[in-house]
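Let me begin by presenting the structure, written as structure tokens, before commenting on it.
The values are calculated or read from the model by the stated rules, or taken from the named source; none is laboratory data. Values in this document were obtained by computation on a predicted structure and should not be read as measured data. Virtual Cβ from ideal backbone geometry, glycine too; neighbours counted across all protein chains shown.
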Amino acid sequence: MTDLLLYGHADSGHACKVALALSLAGLPHETVTIDIWAPPDTRPPAFLAANPAAEVPVLMIDGTPHVQSGAILLELATRFACLGGDTPHGLRRGRELLLWEANRIGMCLPQLKQARQDAGRGYPPDVIDWLTARYRADCARFDLLLGNDPFFHGQAPGIGDCAIWGYAQWLHEAGMTPTPAMAAWLDRMRALPAMRAPQAFFPPA
């Protein structure tokens, strides 16, 4: 049986992507919450040994560290033939969605969320305007990619849904409004039996 250990934190959308994928796939694993707000050099030695960059998520698979959420999602899909990784079409779809998310909606939403938390300090107004414009463009592409299916992978969620969920779950915190299609997808994602709140995926240490 494969030994899985996930390092993450509830405030990390990237860690939430991997936690959700593990939950949806029904893969037994252990979780260690890392205080990402503490100085990096104070984090557990085993975690720092696994990822000297001191970033989450890190997924240990049989003792081997895997980093970067998109790469981890692809590893899970291919290794365990799950969440779209059981067919060439599903895996191709997953790759396309992961790359879109990383370069588009997964870039602007974390920044908008952080700017709102910081009351805009350190974010010039033109930067906020630019990020907001990007989000609006991303909404149109979101609707196009989703189409008429309930999930981005069709009738069931896959790694693409996990990736997009990572920060789309915090639209309100980012001060953004979803399209009707996005709102309906968010409701379907929240209703999944395997879904958990970030604090449930990563309880306080």
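Tabulated data
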read-out	value
Close pairs from the stretch 107-119: first touching a residue at least 24 places away in the same chain (Cβ under 8 Å), partner among the acidic types (Asp, Glu) and not in a helix (DSSP H, G or I), Cβ under 7 Å, at least 6 apart	LYS113/GLU173; ARG116/GLU173
Unique residue being of a type in the set (Lys, Arg) and either more than 16 Å from the chain's Cα centre (by Cα) or assigned by TED's automatic domain parsing to the domain that holds SER69 (or both) when the list is ARG104, ARG116	ARG116
The stretch 152-205: number of residues that are farther than 20 Å from VAL18 by Cβ and β-branched (Val, Ile, Thr)	2
Filter result (under 13 Å from ALA163 (Cβ atoms), free of Cβ contacts under 8 Å to residues at least 60 places away in the same chain and among the basic types (Lys, Arg)) within the stretch 80-106	ARG95, ARG104
Single unsatisfied condition, VAL56 versus (1) over 13 Å from the mean Cα position of the chain (by Cα); (2) closer than 11 Å to PHE202 by Cβ; (3) crowded, with 18+ Cβ neighbours inside 10 Å	(1)
Search result, residues across the stretch 15-36 that are assigned to a helix (DSSP H, G or I) and either buried (at least 24 other Cβ atoms within 10 Å of the Cβ) or touching a Leu at 6+ places or on another chain (Cβ under 7 Å) (or both)	ALA15, CYS16, LYS17, VAL18, ALA19, LEU20, ALA21, LEU22, LEU24, ALA25
Selected residue (criterion: surrounded by the most Cβ atoms within 10 Å (Cβ to Cβ)) from residues of the stretch 79-103 that are among the hydrophobic types (A, V, I, L, M, F, W, C) and not in a helix (DSSP H, G or I)	LEU83
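Per-residue answers, yes or no, for (1) more than 12 Å from the chain's Cα centre (by Cα); (2) touching a residue at least 40 places away in the same chain (Cβ under 8 Å):
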{"residue": "THR2", "(1), (2)": "yes, yes"}
{"residue": "GLY8", "(1), (2)": "no, yes"}
{"residue": "ALA15", "(1), (2)": "no, yes"}
{"residue": "LEU24", "(1), (2)": "yes, yes"}
{"residue": "HIS29", "(1), (2)": "yes, no"}
{"residue": "ILE36", "(1), (2)": "yes, no"}
{"residue": "PRO39", "(1), (2)": "yes, no"}
{"residue": "PRO44", "(1), (2)": "yes, no"}
